[in-house]
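The values are calculated or read from the model by the stated rules, or taken from the named source; none is laboratory data. Values in this document were obtained by computation on a predicted structure and should not be read as measured data. Cβ placement follows ideal geometry from the backbone for every residue including glycine, while neighbour counts extend to all protein chains displayed. We work out accessible area using only protein heavy atoms, side chains counted, and drop any ligands, DNA or RNA first. Shrake-Rupley method; radii C 1.70, N 1.55, O 1.52, S 1.80 Å.
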Amino acid sequence: MTDFFGDLAPVRFDPEAEGLAFRHYDPDQVVMGKRLEEHLRFAVAYWHSFAWPGGDPFGGETFQRPWASDDMEAARLKADVAFELFDLLGVPYFCWHDADIRPEGATFAESRSNFDAIIDIFEEKMESAKVKLLWGTANLFSHRRFMSGAATNPDPDVYAWSAATVKTCLDATHRLKGQNYVLWGGREGYETLLNTDMGQELEHMGRFLSMVVDYKHKIGFEGQILIEPKPQEPTKHQYDYDVATVYGFLRRFGLETEVKVNIEQGHAILAGHSFEHELAMARELGILGSIDMNRNDYQSGWDTDQFPNNVPEVALAYYEILKAGGLGRGGTNFDAKLRRQSLDPQDLVAAHVGAMDVCARGLIAAAKMLEDDALEAPRRQRYAGWESAEAQAILGADLETVAAPVEAGKVDPQPVSGRQEILENIVNRYV
């Protein structure tokens, strides 16, 4: 033990406890035929929980972590602390970028050697730990070589470097029996058309993703390949803006049955959508894979990555997920970070405990709404007119046939209330 968390005990479900405890998240509680742990499939994000130093655009790091130096000794200590947190929380999964877990080397070979050494440590620790890998991914945006993108970079050497990095990370994810592999191109887009060939960049991005899918099948990786949509920040015009944009991209390159999406609440907000909109869209398009759970500050114009604390928002998100049949091989990854003033190790544990409780409350409420048919019955009623044979015939007719009864004066539609406030009141009874 590293003693980083002091004498904190593993967190248990105890609604009456005074200290750190789960008040709502009982992993063994059965909801809609499955344990809560199996529904929610919680994961800790390595990057925000252990690699983020607490900086912002106006000030440097505030977290004085004992593994802050960029060397292998610090990386090994960070791994020890990470698995201690996984054990304290009892989470079933974690996620990483390559740059989170190893120091950058002077060459690609040195970086890969550092990475492989940490993967060795992970593999050894996972043999005796409960935690598994939800997904791995490559950081193709932080280093200055990626300033113009990775798969969309105008320099073929950067494209090749990116391919080698993804190959290394996918191999490691496969080795650790990861459930998914995520591609998030934080700089796959452009700042100005004055120096951009958009058509060429999109073609290169499509070819890159096709190579990843081909390699997945070659090595026998059974997990899902996921794209994480995000609009702007840092790239002004992002090619993977939202779920609909990603689906159009997948269709263009024939990958819509090979790749799904990892949807983040904060990214949905930046795109001008709600989280539940993006989840419902992915469900209807058949590409819902996994989620990053966090929240944004609605007064700030960037991705603040705060831990979730809004039960009604979370409930509506899990409502769409349950309607999709659940998360499958995906999970609930806390892509969230402490506030810069939350310095103590206990803060890191408490943030996850509170978030897990919020998600449990949200999922339980969503399941109850579905079981009671509270929202689906009014929805069916609203569309009931389409159930008649005459209405169904409209969908198979030509424009003249559909227009004929209207032109003959036989159709006179009258507006019907959408009952939004009534439905909102229904939701509030459950959350």
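Some points to look at:
- Kirkwood Rh and Cα Rg combined as Rg/Rh, segment 54-168: 1.00
- Chymotrypsin sites (Phe, Trp or Tyr not before Pro) within segment 1-90, DSSP loop, no more than 15 other Cβ atoms inside 10 Å: Phe58
- Element breakdown for the chain at a 1.4 angstrom probe: carbon and sulfur atoms account for 51% of the accessible area.
- Sorted peptide list for 186-193, 98-105, 212-219, 397-404, criterion being average Cβ within 10 angstrom, highest first: 98-105, 186-193, 212-219, 397-404
- Radius of gyration (Cα atoms) of segment 181-286, expressed as a multiple of 2.2 N^0.38 Å: 1.06.
- Gyration tensor verdict on segment 1-55 (Cα atoms; rounded if a/c is under 1.5, prolate if a/b is larger than b/c, oblate otherwise): oblate
- Cα point-scatterer Debye curve for segment 164-237, base-10 log of I(q)/I(0) at q = 0.24 Å⁻¹: -1.10
- Ordering Gly6, Ala43, Leu20 by the projection of their Cα atoms onto the charge dipole of segment 1-57, which places +1 on the Cβ of Lys and Arg and -1 on the Cβ of Asp and Glu, puts Ala43 at the extreme positive end.
- Relative to one another, the C-alpha centroids of segment 364-396 and segment 48-112 are positioned 48 Å apart.
- Contact order relative to length of the chain, as percent, for alpha carbon pairs under 8 angstrom and 6 or more apart: 15 percent
- The protection proxy used here, the mean number of other Cβ atoms lying within 10 Å of each residue, ranks peptides 202-210, 355-363 as follows, highest first: 355-363, 202-210.
- Counting 0.36 nm for each residue step from Ser388 to Ser300 and taking away their Cα separation leaves a gain of 26.8 nm.
- For segment 203-340, with +1 on Lys and Arg beta carbons and -1 on Asp and Glu, the positive-most of Ala336, Ala324, Leu255 along the dipole: Leu255
- For segment 113-171, the fraction of alpha-carbon pairs in successive 5 Å shells from zero, as %: 4, 17, 21, 20, 14, 10, 7, 5, 1, 0
- With the alpha-carbon atoms of segment 239-336 aligned to their principal axes, the span from lowest to highest coordinate is 38, 28, 18 Å, starting with the largest.
- Rounded to the nearest 500, the 222 nm mean residue ellipticity of the chain from helices alone is -14000 deg cm²/dmol, with -39,500 (n - 2.57) taken per DSSP H run of at least 4 residues.
- Per residue, the chain exposes 48 Å² of solvent-accessible protein surface, assessed with a 1.4 angstrom probe and all protein chains in place.
- Heavy-atom SASA rank of Asp335, Asp3, Asp171 (probe 1.4 Å, accessible area, largest first): Asp3, Asp171, Asp335
- Across the options Ser210, Phe307, Asn294, the greatest Cα extent toward the positive end of the charge dipole of segment 209-308 (unit charges at beta carbon of Lys, Arg, Asp, Glu) belongs to Ser210.
- All C-alpha pair distances within the chain, sorted into 10 Å bins from zero, spread as 4, 20, 29, 25, 13, 6, 3, 1, 0 percent across the bins.
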